[in-house]
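Okay, structure first, notes after.
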Amino acid sequence: MQAFLTNTWLLWLLSGTAALLWWRGRSSQLFYYIFNRYLLALGTLLLVSGIVFSLMEVLPGDCAEKMIAYKNTQGEVITQAQIDAERARMGLDQPLPVRWASWVADLTLKGDLGFSCAKRQSVNMALGDRFWMSLGFCIAGLLFAYLIAVPFGILSAWSLNKPWLDRKRHHTPLRRLRNSIGLVIAKLVDLQLRLISYLGLALPNFLLALSIILLYVFAGEPTPTGLFSDEWRGQPWFAEQGFQWGKLNDFMGHIWLPILVIGWAATALQLQTVRALVVDESNKLYVEAARARGIDGFRLWSRYPVRHSISPLFNSVGFDFQRIFNDLPIVAVVIGLTDAAALLIEALAMTNDQELAAGILFLVALVVIGMNFITDVILAVLDPRVRNSVMQAGGH
Amino acid sequence: MNALIARWRGQPKARTPDESYYTAGQFALIRARFMRNTTGVIAGGILSVLLLMGLFAPFFSPNAPGIEGANPDYRRGAPQSIHFCDANGCSWRPFTYTYTREAPAFDLSALAGGDLSALDAITSGDSLNASSQNRFVEQTDQRRYLHFFVSGWEYSLLKIEWLGIDIRSDLHLFGVDQGQIHLFGTDEDGKDVFSRTLHAIWVTISIALVALAVKLFVSLLVGGVSGYCGGRVDAVLMAITEAVRVIPPIPVYLACAVALSQIDLTPVQRYFAIAVVIGALDFAALGRRLRTHILTERNQDYVMAAKLSGASSSRIIWRHLVPSFSSYIIVDTLINFPYVILAETSLSFLGLGLTEPVNSLGVLLQKAQDPDIQQNMVWQFAPVGVFVLLIMAFVFVGDALRDAADPYSERKR
């Protein structure tokens, strides 16, 4: 019984959630909507696993050949018959759909991502906490990008189509001067920030990371590559004298580099998105109507266009995550990180380790789909526009 | 340009509500709005200069970019500076100097005595490494004048193979009296970095063009079919699109590039294959937009009218629905240009895109990770500057175009 449960725990969890949502959904539109989203997310995940798994077929070589090649280096003489036998033992002689089905079955039953041939251990073991590390980097980079992009994107949208100088006749000269100075500063800040953030886009990530490392080299300082410097690498987080603050300090001194690099690159696109969203909203008629009612300046912008453009922005968090993870592998290679992104590059380009690469790609897709699901649900709860459309769609 | 000057002078723009405004087509309006955007116009100018220089790279580059144009006497040479004045007076015609290699700094005669410690001194010193062997000194008494519109190495200006047209020329914008000029220095084979950079621009742009054409085709196909057919076809296509959208693309490109590297391809085939892979996987965003657009448009009266007149579905899609979306498509394509170029660069960085003899900006940027270049040949970073300028110009033009294509941006002033 115990063994049966440990081998199928994930399936129970998934179907339990579905059953709970379905049961609540019988009486509530909102839960019915969430149930639908949940099923859709699971369906997309299944499709993603299929795409990822068949994509890995294009990588050359298979597990049996690698295993045998390893034995070959140990001095054994290997024949083709042995390779075939090994292949049959691993089930690699089965057609693709059968192998995919067994991979998916293992995954949904107990969260087992398969077996990594190059590392010769299970993918879950090989990944360990490295995936969490990548996730942490991406989220930190994303936060960095949002922190810069949201306020300055709004500023950029505000200063668009504004003149450099205030020439309104009905303003007093003093007010005109004050307004003009404000406008010039806003426009210059906008231009500067757009230049800097687009520079982050235009400088490829590897170049950015390389140049920062080079600056350290020229300055004669130790470079902040990897995650820890040598003295702290072997130390545990908790020693006898309590928590090792020195290690945390050292860690912080290293992780800013990847976060800065991927965050800076992502800022440009975020800035463009925020700017476009706010500009779109600010041209709508309800803003005009608010202006006609006499609302002006900060109150107008914060209550009307900005407030409305938050929800599409929030909705795209999942894809922003995907985009930022996209940049991480190359940065990881340059900086010498040992996270999941670096493993992915290693598995794809060097060791051709199909199941490891498929596992990492699947996990990234899982996070994206999970984020999309959560943002959809949160928006349905919080945003009255979405809530109304949900209620109406279910109410027919 | 007039708008720019008018803006600098601070004249309020004459906004005469003449007839032409109301009768102007969509593209004329977009153009007019674009011309009012200062940063957009400046970026557009820079972009067109770069594109022209890339397109007519052989004309602008004084040396052939390949190994045949390499200068064996000036390997690993620093950029040559151009002067108008020096100690011997000034001249209107710019000039550079003759560069000669420094004599080797070690003394072989010390070895004659059979003293092994002298040999040790030579090998452990840095006089034998490549960068100090290729140290050049300016001969400031030997000027080499720059000439314009000179004839140099021969290139084909226009080549259409299947028509048998091959117009060859040997005219170049500039060159020097004797020898070669290297504005950005040379690499380890003596190839001129300036010429390589110029040639690389067009290669990179053309990859992006192929990729975007493929992307456009796939998105139109998916979005058009999905939006027009609706129902079950729509559901299936959109489910696949959604699944493709959540997978990060660079690892997917990587897997495809690894697979391609197993197949024996010529550089040209490889180049097209990479462009097609980059383009074909990028259909999700545009395809979805197109689908939504068609879903809302297909119930409009003009579509019904076309249907009643007996137009076929494909005609309705291609002649009525897609053109109504053309400005969005154009703007989206332009905005995506830098991202496609960056994808090619990252593949090249990992050594899976284009590789050495080919000139592409990715290949040239990839060299930046070589420690030898970082320490001894900093001038090989020059392509980075060109690359950054190109991408920035694209992004700013894209921003300005997006603002210009928005029909509502006119109202609020």
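Select, from A:Leu285, A:Leu269, A:Leu300, the only residue that is touching a helix residue (DSSP H, G or I) at 6+ places or on another chain (Cβ under 9 Å), of a type in the set (A, V, I, L, M) and over 21 Å from A:Ala186 (Cβ atoms). Before the answer, list the steps.
Working: A:Leu285 fails: touching a helix residue (DSSP H, G or I) at 6+ places or on another chain (Cβ under 9 Å); A:Leu300 fails: over 21 Å from A:Ala186 (Cβ atoms).
Answer to the check: A:Leu269.
Pick from segment B:329-350 the residues that are more than 8 Å from chain A (Cβ to nearest Cβ) and among the small types (Gly, Ala, Ser): which of them is surrounded by the most Cβ atoms within 10 Å (Cβ to Cβ)?
B:Ala343
Only one of B:Val236, B:Val268, B:Val246, B:Val225 is within 19 Å of the chain's Cα centre (by Cα) and of a type outside the set (Phe, Trp, Tyr). Can you tell me which? So that I can check it myself, show each step before the final result.
On the way: B:Val236 fails: within 19 Å of the chain's Cα centre (by Cα); B:Val246 fails: within 19 Å of the chain's Cα centre (by Cα); B:Val225 fails: within 19 Å of the chain's Cα centre (by Cα).
Exactly one residue qualifies, and that residue is B:Val268.
State which residue is modelled with the highest pLDDT when the search covers only segment A:346-377 and only residues that are surrounded by fewer than 23 Cβ atoms within 10 Å (Cβ to Cβ) and small (Gly, Ala, Ser).
Restricting to residues being surrounded by fewer than 23 Cβ atoms within 10 Å (Cβ to Cβ) and small (Gly, Ala, Ser), the top hit is A:Gly370.
Here is a yes/no grid of residues against (1) surrounded by 22 or more Cβ atoms within 10 Å (Cβ to Cβ); (2) in a helix (DSSP H, G or I); (3) not β-branched (Val, Ile, Thr); (4) not assigned by TED's automatic domain parsing to the domain that holds B:Asp332:
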site	(1), (2), (3), (4)
B:Val210	no, yes, no, no
B:Lys215	yes, yes, yes, no
B:Val222	yes, yes, no, no
B:Val225	no, yes, no, no
B:Val233	no, yes, no, no
B:Val236	no, yes, no, no
B:Glu242	no, yes, yes, no
B:Pro251	yes, yes, yes, no
B:Ser261	no, yes, yes, no
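Could you tell me whether any residue of segment A:55-74 is closer than 24 Å to B:Ala235 by Cβ and either within 14 Å of chain B (Cβ to nearest Cβ) or among the hydrophobic types (A, V, I, L, M, F, W, C) (or both)? Reasoning before the result, please.
Here is the first cut: in segment A:55-74, the residues closer than 24 Å to B:Ala235 by Cβ are A:55.
Add one more test, that the residue is either within 14 Å of chain B (Cβ to nearest Cβ) or among the hydrophobic types (A, V, I, L, M, F, W, C) (or both), and what stays is A:55.
Taking every residue of segment A:55-74 in turn, at least one turns out to be closer than 24 Å to B:Ala235 by Cβ and either within 14 Å of chain B (Cβ to nearest Cβ) or among the hydrophobic types (A, V, I, L, M, F, W, C) (or both).
May I ask you to say which residue of A:Leu201, A:Leu183 is in contact with a helix residue (DSSP H, G or I) (Cβ under 8 Å, 6 or more places away or on another chain) and either modelled with pLDDT under 80 or under 28 Å from B:Ile341 (Cβ atoms) (or both)?
On the way: A:Leu183 fails: either modelled with pLDDT under 80 or under 28 Å from B:Ile341 (Cβ atoms) (or both).
After ruling out the rest, the residue left standing is A:Leu201.
Assigned by TED's automatic domain parsing to the domain that holds B:Ala259 and more than 30 Å from B:Gly190 (Cβ to Cβ): which single residue out of B:Phe337, B:Phe387 fits that description? It would help to see each step written out before you state the result.
Working: B:Phe387 fails: more than 30 Å from B:Gly190 (Cβ to Cβ).
That would be B:Phe337, the only listed residue that is assigned by TED's automatic domain parsing to the domain that holds B:Ala259 and more than 30 Å from B:Gly190 (Cβ to Cβ).
Does B:Ser309 meet the test of being at pLDDT below 80 and among the hydroxyl-bearing types (Ser, Thr, Tyr)?
On the way: at pLDDT below 80: no; among the hydroxyl-bearing types (Ser, Thr, Tyr): yes.
Judged against the criteria, B:Ser309 is not a match.
Would segment A:1-20 turn up any residue that is in a loop (DSSP other than H, G, I, E, B) and more than 28 Å from the chain's Cα centre (by Cα)?
yes
Could you list, in sequence order, all residues of segment A:330-349 that are away from chain B (no Cβ under 11 Å), closer than 20 Å to A:Leu203 by Cα and assigned to a helix (DSSP H, G or I)?
A:Ala332, A:Ile335 - these are the residues of segment A:330-349 that are away from chain B (no Cβ under 11 Å), closer than 20 Å to A:Leu203 by Cα and assigned to a helix (DSSP H, G or I).
Within segment A:174-219, how many residues are within 9 Å of chain B (Cβ to nearest Cβ), in a helix (DSSP H, G or I) and among the hydrophobic types (A, V, I, L, M, F, W, C)? Let's see the steps before the verdict.
Quick first cut of segment A:174-219, residues within 9 Å of chain B (Cβ to nearest Cβ) only: A:191, A:194-195, A:198-199, A:201-207, A:210-211, A:214, A:217.
Cutting the leftovers down to in a helix (DSSP H, G or I) gives us A:191, A:194-195, A:198-199, A:201-202, A:205-207, A:210-211, A:214, A:217.
Subset that is among the hydrophobic types (A, V, I, L, M, F, W, C): A:191, A:195, A:199, A:201-202, A:206-207, A:210, A:214, A:217.
Here the count works out to 10.
The values are calculated or read from the model by the stated rules, or taken from the named source; none is laboratory data. These numbers were taken from a predicted model, which means no experiment stands behind them. Every residue, glycine among them, receives a Cβ derived from its backbone with ideal geometry; neighbour counts consider all protein chains shown.
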